[in-house]
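Enquirer: Mind having a look at this structure? Questions to follow.
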Amino acid sequence: MQTKRAMILVSNDPESVRLGTNDLIQHLTEALTAYDLQDEVEISTLAGIGKSNILPLVVVYPEATIYGPVKPEDARYLVEEHLYKGRIATDLVSPPKQLSGNIGWLRAHKGYNPAEQRIVLERAGRIDPENIEEFIAENGYQALGKALSEMTPEQVIETIEKSGLQGRGGAGFPTGRKWKFVRMAKGEKKYIICNADESEPGTFKDRIVLEGDPHTILEAMAIAGYALGADEGYIYIRGEYGLAYRRLQHAIEQAEEYGFLGNNIFETGFNFHIHLHTGAGAYVCGEETALIESIEGKRGEPRARPPYPVTHGLWNKPTLVNNVETLANIPAIIRNGAEWYRSFGTPSSPGTKVYTIMGNVNFTGVIEVPMGITLREVINIYAKGMKPGSMLRLAQTGGSSGSIIPASLQDTPMDFESFRKAGVSLGSGALLICDQNTCIVDLVKVLLQFFRFESCGKCTPCRVGTQRAYEIVDRISQGQGKLEDLDVLASLAQEMERAANCGLGQTAGVPIRDMLKHFRTEVEAHIRLGACPTGVCAMTPEVEYV
Amino acid sequence: MVAPTIERDVSAIVQAAIEKHGAQRDALIPILSEVNRALGYIPAEAFQEIRKQLQASPEQINVSKGQLFGLASFYDMLSTKPRGRHVIKFCENAPCHVVGGKAVWDSLRDTLNLKNGETTPDKKWTLVTTSCLGLCSVGPVVLIDDDLYGNVSPEQIDDILARYE
């Protein structure tokens, strides 16, 4: 049997037939023949889709793109764009809000949620990540071409600045401003570094981009190189991401072969080379100065700042360090402009955010939605609700260094500004949803175990603070806690925040602070009653995770 | 007659690693990773060998054994002690923990009769905990050598371990 590469489904319910489905099928068949695609594409019909104002409807697989209404005279254009040139015929795509509940499942089948807005993950899962031609067919390297041929470096930076893009690694620093600092820094030699050392527990968004759409990172880095005056870039990828490493390596080779990387790109005289560098297992290397130390072949111990990497980075040269998700936004912004980007999200936090959902919910995985949606929406719509028998007790946002928030805060819009006001960290976008069987003491103990293990040991507040804090919480979980311990914990958290050298130590106290702020009664129950209200803690001395 | 063979092996492995990654300071971690991959750990003679070969290279890179040991002990994926034929890494972080990770860990410890970081007497298994592997949507996660297991339950441990020689 011959395999077809695509399938077209045309709605043929009575209403569609009245509006011309039969004519449409006739025209589609003729168009396929005209482009010699009749053997590669199958046409079939789709019945019973319910009432809709976008009939006749055409769904093209494997992309599961929904077009409608499609008139017979649109057939040739649709076939030419989607099936011959291989790109979505944008102006025929049915707007998401017009889709009735009945046809929402069509997209859901492809793993898309109806209300998702994909910019960062636009191509991930839709193209063959090992085939550069599929990337090019989906507007790949178009932004690089545009930047190099139509824009000055200043215009590129201005566009990024106007877009309002903020760093997606956790801190939310305005990307355009960072680029400007590096551009203005003195020195001939500059570096672009992509921080792909994604190690924040609960975060795997960058892995999805690197595995599913590696070229987009290369394109973004080359654009940054052009804008900032750098001819060399490094991708620092964590040692555990084997598949992502292999795909990047392959992508770099292909891009060099096609002339998107290397010397004299697009014959503009611009040169840009990218090196891949793997880590060897150290959470702290996600901190930008530790990452730089690690590339230089040293222990990944964060440097004292200032000076910042924008002036004194890799080999002491001005260096831009951007997270994978941040970079993945760049080509789309250059292609479509700052205004377009600002149409998503909230005025103070434009764009989308990729979240990773996990815990006691029905759907776990990755979603990309506009900034500013609430945790309640994420749980009920995207995570398809709590698991049967589970009730939301708390959520941890942003990984281990993020915040623990009680169910009562689930209606806070998730954007940088609202979260900052509520004293919550959006962090890396990890959303760990926990039900009533989660004990806060047990959870914080696990988090502190992580910090004491990953502390690099360079500065005392973090090296000693994380260890002592773990010992105290461990004691509480064994029924040996004292009320004074809580004051000691609070002061340890505060001292680490004030005195630690880097972000790891400064945020290691956050779980403690949130535990005492939102769940003090529960912690006191462990101490006063010698019992764990949730029944999770053993309340007897025992050896765990050692 | 065993020792000279190992020495030659180490020397050849180090030489290949330096050829692949270059005699540069920024190649130190990749070189150590390469040795670790080939031997399962980084023996003391490898530090000496790396130091010697880098010094003899045209670039004349000067690193001390202490510096190299400092790197090997800092990074979690590098080991300075021999490990078993198969290394089991168990993710101990919060996302795996809240979906039942502790029960899986207990099952691993009981089945193998090992504590964290130990190796079985027959040198078959080494059991260690690890930080997040980035597969949180399918927790609890166990990594054995290069094989990933997701949504692991305590009952599956026997079956999973039986797959390894």
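The values are calculated or read from the model by the stated rules, or taken from the named source; none is laboratory data. Treat the numbers as computed from the prediction; the structure is a model and nothing was measured. As a convention, Cβ positions derive from the backbone with ideal geometry for all residues, glycine included, and neighbour counts pool all protein chains shown.
Enquirer: Give the stretch B:93-135 a look and list any residue that's closer than 24 Å to B:SER73 by Cα, small (Gly, Ala, Ser) and touching a residue at least 24 places away in the same chain (Cβ under 8 Å), or say none.
Expert: B:SER131
Enquirer: Another one. Taking A:ILE367 as the residue in question, decide whether it is part of a helix (DSSP H, G or I) and of a type in the set (A, V, I, L, M).
Expert: no
Enquirer: Here's another thing I want to ask about it. Run down A:GLU30, A:GLU63, A:GLU80, A:GLU73 and say which single residue is charged (D, E, K, R) and at pLDDT below 85.
Expert: Details: A:GLU30 fails: at pLDDT below 85; A:GLU80 fails: at pLDDT below 85; A:GLU73 fails: at pLDDT below 85.
The conditions single out A:GLU63.
Enquirer: Can you tell me how many residues in the stretch A:157-174 are buried (at least 17 other Cβ atoms within 10 Å of the Cβ) and within 17 Å of A:THR311 (Cβ to Cβ)?
Expert: Within the stretch A:157-174, the first condition is being buried (at least 17 other Cβ atoms within 10 Å of the Cβ), and the residues that meet it are A:157-161, A:163-170, A:172.
From the residues that got through so far, the ones that are within 17 Å of A:THR311 (Cβ to Cβ) too are A:157.
Final tally of qualifying residues: 1.
Enquirer: Only one of these conditions is not met by A:PRO307: (1) more than 22 Å from A:VAL209 (Cβ to Cβ); (2) within 24 Å of the chain's Cα centre (by Cα); (3) surrounded by fewer than 20 Cβ atoms within 10 Å (Cβ to Cβ); (4) assigned by TED's automatic domain parsing to the domain that holds A:ALA143. Which number is it?
Expert: Failing condition for A:PRO307: (2).
Enquirer: If you don't mind, another one. Report yes if some residue within the stretch A:180-195 is under 27 Å from A:GLY399 (Cβ atoms), in a helix (DSSP H, G or I) and more than 14 Å from chain B (Cβ to nearest Cβ); otherwise report no.
Expert: yes
Enquirer: When you look at A:ARG305, is it at pLDDT 95 or above and either within 14 Å of another protein chain (Cβ to nearest Cβ) or touching a helix residue (DSSP H, G or I) at 6+ places or on another chain (Cβ under 8 Å) (or both), yes or no?
Expert: So A:ARG305 does not fit the description; no.
Enquirer: I need a count of the residues in the stretch A:1-14 that are of a type outside the set (Gly, Ala, Ser) and either within 8 Å of A:PRO56 (Cα to Cα) or modelled with pLDDT of 90 or more (or both).
Expert: Residues in the stretch A:1-14 being of a type outside the set (Gly, Ala, Ser) and either within 8 Å of A:PRO56 (Cα to Cα) or modelled with pLDDT of 90 or more (or both): 2 in total.
Enquirer: Moving on. Which one of these does A:LYS317 not meet: (1) crowded, with 24+ Cβ neighbours inside 10 Å; (2) assigned by TED's automatic domain parsing to the domain that holds A:PRO153?
Expert: Exception for A:LYS317: condition (1).
Enquirer: Then there's this: Of everything in the stretch A:417-441 that's surrounded by 22 or more Cβ atoms within 10 Å (Cβ to Cβ) and part of a helix (DSSP H, G or I), which residue is farthest from the other protein chains (Cβ to nearest Cβ)?
Expert: Of everything passing the filter in the stretch A:417-441, A:PHE419 is farthest from the other protein chains (Cβ to nearest Cβ).
Enquirer: In the set A:PHE344, A:PHE363, which member is at pLDDT below 95, within 14 Å of another protein chain (Cβ to nearest Cβ), farther than 24 Å from A:TYR308 by Cβ and surrounded by fewer than 24 Cβ atoms within 10 Å (Cβ to Cβ)?
Expert: After ruling out the rest, the residue left standing is A:PHE363.
Enquirer: For the subset of the stretch A:258-301 comprising residues that are of a type in the set (D, E, K, R) and closer than 30 Å to A:GLY145 by Cβ, which member is farthest from the other protein chains (Cβ to nearest Cβ)?
Expert: Going residue by residue through the stretch A:258-301, those that are of a type in the set (D, E, K, R) are A:267, A:287-288, A:293, A:296, A:298-299, A:301.
Subsequent filtering for residues that are closer than 30 Å to A:GLY145 by Cβ retains A:267, A:288.
Values: A:GLU267: 30, A:GLU288: 16 Å.
Within the stretch A:258-301, the match that is farthest from the other protein chains (Cβ to nearest Cβ) is A:GLU267.
Enquirer: Sticking with this structure for a sec: Would you mention how many residues in the stretch A:279-304 are part of a helix (DSSP H, G or I) and either in contact with an Asp or Glu (Cβ under 9 Å, 6 or more places away or on another chain) or surrounded by fewer than 24 Cβ atoms within 10 Å (Cβ to Cβ) (or both)?
Expert: 10
Enquirer: Run down A:ASN271, A:ASN263 and say which single residue is surrounded by fewer than 24 Cβ atoms within 10 Å (Cβ to Cβ), touching a His at 6+ places or on another chain (Cβ under 9 Å) and not aliphatic (A, V, I, L, M).
Expert: Checking each option against the conditions leaves just A:ASN263.
Enquirer: Please pick out the residue among A:ALA220, A:ALA196 that is of a type outside the set (D, E, K, R) and within 30 Å of B:VAL99 (Cβ to Cβ).
Expert: On inspection, the qualifying residue turns out to be A:ALA196.
Enquirer: Looking at the stretch B:136-153 only, could you name the residues that are within 12 Å of chain A (Cβ to nearest Cβ) and free of Cβ contacts under 8 Å to residues at least 24 places away in the same chain? Steps first, answer last, please.
Expert: Just the residues of the stretch B:136-153 that are within 12 Å of chain A (Cβ to nearest Cβ), to begin with: B:136-141, B:143, B:145-148, B:150-151.
Hits for the stretch B:136-153 are B:SER137, B:VAL138, B:ASP146, B:ASP147, B:LEU148, B:GLY150, B:ASN151.
Enquirer: Return a yes/no flag: does the stretch A:407-415 have any residue that is part of a helix (DSSP H, G or I) and closer than 20 Å to A:THR346 by Cβ.
Expert: Restricting attention to the stretch A:407-415, the residues satisfying the condition of being part of a helix (DSSP H, G or I) are A:407-409.
Now drop any that are not closer than 20 Å to A:THR346 by Cβ, which leaves A:409.
Looking through the stretch A:407-415, at least one residue is part of a helix (DSSP H, G or I) and closer than 20 Å to A:THR346 by Cβ.
Enquirer: If you scan the stretch B:75-95, which residues turn out to be within 11 Å of another protein chain (Cβ to nearest Cβ) and farther than 19 Å from A:GLY239 by Cβ?
Expert: Correct list: B:ALA94, B:PRO95.
Yes/no matrix, rows are residues, columns are (1) within 18 Å of the chain's Cα centre (by Cα); (2) surrounded by 15 or more Cβ atoms within 10 Å (Cβ to Cβ):
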| residue | (1), (2) |
| --- | --- |
| B:VAL104 | no, yes |
| B:LYS124 | yes, no |
| B:LEU133 | yes, yes |
| B:GLU165 | no, no |
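Enquirer: Looking at the stretch A:124-165 only, could you name the residues that are in a helix (DSSP H, G or I) and among the small types (Gly, Ala, Ser)?
Expert: A:ALA137, A:ALA143, A:GLY145, A:ALA147, A:SER149, A:SER163
Enquirer: I'd like to verify a number: residues in the stretch B:62-79 that are more than 20 Å from B:SER131 (Cβ to Cβ) and buried (at least 20 other Cβ atoms within 10 Å of the Cβ), how many?
Expert: Residues in the stretch B:62-79 being more than 20 Å from B:SER131 (Cβ to Cβ) and buried (at least 20 other Cβ atoms within 10 Å of the Cβ): 1 in total.
Enquirer: Checking the conditions here, which among A:MET391, A:MET371 is within 30 Å of A:ALA531 (Cβ to Cβ), more than 13 Å from chain B (Cβ to nearest Cβ) and either in contact (Cβ under 8 Å) with a residue 12 or more places away in the chain or not basic (Lys, Arg) (or both)? Talk me through it step by step, then tell me what you get.
Expert: Values: A:MET371 fails: within 30 Å of A:ALA531 (Cβ to Cβ).
Matching residue, one of A:MET391, A:MET371: A:MET391.
Enquirer: To continue, here is another question. Looking only at the stretch A:226-244, count every residue that is part of a helix (DSSP H, G or I) and more than 17 Å from A:LYS317 (Cα to Cα) and tell me the total. Step through it out loud before you land on a result.
Expert: Quick first cut of the stretch A:226-244, residues part of a helix (DSSP H, G or I) only: A:226-228, A:242-244.
Pick out the ones that are also more than 17 Å from A:LYS317 (Cα to Cα) and you get A:242-244.
Counting residues in the stretch A:226-244 that are part of a helix (DSSP H, G or I) and more than 17 Å from A:LYS317 (Cα to Cα) gives 3.
Enquirer: If I filter the stretch B:21-47 down to residues being more than 20 Å from the chain's Cα centre (by Cα) and surrounded by fewer than 17 Cβ atoms within 10 Å (Cβ to Cβ), which single residue comes out as farthest from A:LYS298 (Cα to Cα)?
Expert: So, considering only residues that are more than 20 Å from the chain's Cα centre (by Cα) and surrounded by fewer than 17 Cβ atoms within 10 Å (Cβ to Cβ), the one farthest from A:LYS298 (Cα to Cα) is B:GLY22.
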